[in-house]
1. If the reach is capped at under 13 angstrom between alpha carbons, list the aspartates and glutamates near residue 285, excluding any in the same chain fewer than eight residues apart.
2. Using the structure shown, select from 79/110; 7/38; 110/162; 5/81; 162/252 the pairs with a Cα to Cα distance greater than 25 angstrom.
3. Can you check what the net charge comes to around residue 3, using other residues whose Cβ is under 14 Å from the Cβ of residue 3 (Lys, Arg +1; Asp, Glu -1)?
4. Compare 276, 59, 200 by solvent-accessible area with a 1.4 Å probe and give them largest first, with all protein chains kept in place.
5. Any idea what Rg and Dmax come out to for the range 95-271 if you just take the C-alpha atoms, in Å?
6. How high is the FRET efficiency from residue 203 to residue 23, r the C-beta distance, R0 25 Å, rounded to 0.05?
7. Using the Cα gyration tensor of the chain, with a ≥ b ≥ c the square roots of its eigenvalues, what is the shape: rounded (a/c below 1.5), prolate (a/b larger than b/c) or oblate (neither)?
8. Shape of the range 108-176 from its Cα gyration tensor (a ≥ b ≥ c, root eigenvalues): rounded if a/c is under 1.5, otherwise prolate when a/b > b/c, or oblate?
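The values are calculated or read from the model by the stated rules, or taken from the named source; none is laboratory data. Just so you know, these numbers come straight off a predicted model, no measurement behind them. Don't worry about glycine lacking a Cβ; one is built from the backbone with ideal geometry, like all the others, and counts go over all protein chains shown. Accessible surface is based on the protein model in full, side chains and every heavy atom, while ligands, DNA and RNA are left aside. Shrake-Rupley method; radii C 1.70, N 1.55, O 1.52, S 1.80 Å.
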Amino acid sequence: MTIDKQKIIEALRTVMDPATGQDIIRMRMVENLEVDDKNISFTLVLPSLNSPVKSQLNFACIGAVGQVYPDADVHVHMKAKAGGERKSSSPVPQIRNIIAVGSGKGGVGKSTVAVNLALGLKELGARVGIMDVDLYGPSIPTMLGLQGQRPKIKDDAYGRPKIMPIEKYGIPTISIGYIIQEEAAVVLRGPRLGAIIQQFFKDCIWPELDFLILDLPPGTGDIQLTLVQTVPITGAVLVTTPQEVALADAIKAMNMFQLPNINVPILGVVENMAWFTPEELPNNKYYLLVKVVERN
Ligand SMILES: Nc1ncnc2c1ncn2[C@@H]1O[C@H](COP(=O)(O)OP(=O)(O)O)[C@@H](O)[C@H]1O
Ligand SMILES: [Mg+2]
């Protein structure tokens, strides 16, 4: 029997990780796929070996491979993700998924996509929050019409003061723009940035959320690194515009997320501001920023 590894991978793409709702290949949970005659083995990387979905995933994998190779012997090994136990010590265990919206360049529409993603998920019935981690250029207050608002401070059960996120459209949000003048944010540097991000997670009272959307600053700097060290990021969405320079920078950002010690799955890439179509001319496409209109 000749077994094609690619076919196994395709079969495993049908297995969903219940924790993230994404398939296990996309979430990079499958490692060391080996085929030896009719023996197929691979390692399934879980956030923790105590994972409640361990046996469910095991059966789902064996079932999926069995569909394409019914006579093969399938061995699934389980392994805890290095640093995966961090998840249980997450400062925000009540938040199920943390999605980073990033880009290489500024002005490509990250904040716009972050807000729309949040509103879209909310409309689907999910509990969603937004954290504006673009500390130099916070735009969430403006985009949600919350300029000039100040968050309430409330003592927690231990008498420690905590920041209450500001809600709009049923979405709790936090931004440096609520705390200092937006223009003053540009002077923030190095360690202070990290401390603020830690505070956004640890000193804010976040309710139970299905998704927390992070509106990232452009590029691949300190803030992105602090984030991946502070919380487990479920995945990243990259935003770009259709210019070569923006794309090249988006690829740099993508490479950063995929570094072995960062290892944040890329959930998708949004090509923003490619064209617009006015309602009254539904067949017309007006390209905003590109001259070349050759596109398939
Ligand atoms: N698809 C779009 N159509 C029209 N205007 C857009 C679109 N996406 C973004 N914009 C506008 O472009 C500007 C930059 O977007 P923004 O989301 O602030 O980018 P970033 O967060 O990447 O700096 C904003 O004024 C925004 O309203
Ligand atoms: Mg922005």
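1. Within the straight-line limit of under 13 Å, residue 285 reaches these aspartates and glutamates: 294.
2. Details: 79/110 35 Å; 7/38 14 Å; 110/162 28 Å; 5/81 23 Å; 162/252 36 Å.
Correct reply: 79/110; 110/162; 162/252.
3. Numbers: positive: 5, 7, 38; negative: 4, 10, 34, 36, 37, 71, 73.
Around residue 3, the surrounding residues sum to -4.
4. Working: 276 95, 59 150, 200 5 Å².
Ranking 276, 59, 200 by accessible area, largest first, yields 59, 276, 200.
5. Radius of gyration, then largest Cα-Cα span, for the range 95-271: 15.4, 53 Å.
6. Values: r = 36 Å, r/R0 = 1.42.
Using R0 = 25 Å, I get an efficiency of 0.10.
7. Details: a/c = 2.14, a/b = 1.37, b/c = 1.56.
Oblate is the answer for the chain, as a/c is 1.5 or above yet b/c matches or exceeds a/b.
8. Working: a/c = 2.31, a/b = 1.44, b/c = 1.61.
Oblate, because a/c is 1.5 or more while a/b does not exceed b/c.
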